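Note sheet for the following structure.
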Amino acid sequence: NVFWHGWETDFRGRLQPKCRTLSPHEDDLNRAIIRFKHWKPLGDAPDDRRGIDWIHVHVHNMMEGVDEANGSSIWASDPAKKKQTFETRIKWVEENLDQLRQMAKFPLIHRETLRLDRRRPGGGDVFQRLAALLELDRAYTEYEGNGGDWSKVFSGQPVHLDATCNGYQHASTILRNYELARLVNVVGDKGQRPQDLYEVVATAARDKSVGDTKNKTVAELKFMLRQNGLPIGGNKSELVERLYDDIPL
């Protein structure tokens, strides 16, 4: 089944699908279901691993925060952690490949670990996590069945990558501001961990004596408002609420 989405820009200049159903902008279940129509080989040569490496990155992203079952660790190494280098994410999946494939083959047995038994409607990554594991297992099954040739394994799996403060990514490019581009991950060494502009701003604010405010969500709120075109005083009540939440009582 093939369908196309019509797209339009919102007031911020961001592209949005006119119909959100079965789109990358919808909820967990919708994102888990969709695939690209034209599947591509996972390599240009038998030993070219670039495609499967991106599947590894996607699986790692979906497994972040999935720690243990019944109080015991299930991983060969530490659990998948946020803000790791691509190399670290790829290596983590390789080290835990057997366990991940078992989860794909027997999801009901691992439903507690995969959080299939406590899915929140419309939220989380539960179905996307399962879909990523199924694709990982399918790709390796085909690879093993064709004699070990990644150029003969095809996939249409979308790999979701969240932008880092997207408004300032565009601004850094337009202004050719290298330091800002580095802080929002437009440029940089792929061997380094991703930068976090919100945390940088929160740290600078703490250094300028803003009290005990330690939560980067305070800085994040103002940044998101400003880059999305809201006035400087916009959403003041929510900012005050977050500041109150951060005050130790």
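Since every read-out is calculated from the coordinates, none of them should be taken as a lab result. Because the structure is predicted, anything quoted here is derived from the model rather than measured. Neighbour counts run over all protein chains shown; Cβ positions are idealised from the backbone, glycine included.
Sorting R176, R89, R49 on the 10 Å Cβ count, fewest up front, what's the list?
Ascending Cβ contact count within 10 Å gives the list R176, R49, R89.
In square nanometres and to one decimal, what's the mean projected area of the convex hull around the Cα atoms of region 7-155?
Convex hull of Cα atoms, orientation-averaged projection: 10.6 nm².
Only counting other Cβ atoms within 10 Å, I'd like K81, K37 sorted with the fewest neighbours first.
Ordered by Cβ neighbours within 10 Å, fewest first: K37, K81.
Cut-off is 10 Å between beta-carbons; in what order do I109, I90, I74 appear when sorted fewest neighbours first?
Placing the least packed residue first, the sequence is I109, I74, I90.
Over 25 Å between C-alpha atoms is what I'm after, so list which of K82/K208; K91/K190; K18/K152; K81/K208; K37/K82; K18/K82 land there.
In this structure, K82/K208; K18/K152; K81/K208; K37/K82; K18/K82 lie more than 25 Å apart at Cα.
What do you get when you divide the Cα radius of gyration of region 83-145 by 2.2 N^0.38 Å, with N the number of residues?
Scaled against compact globular proteins, the figure is 1.20.
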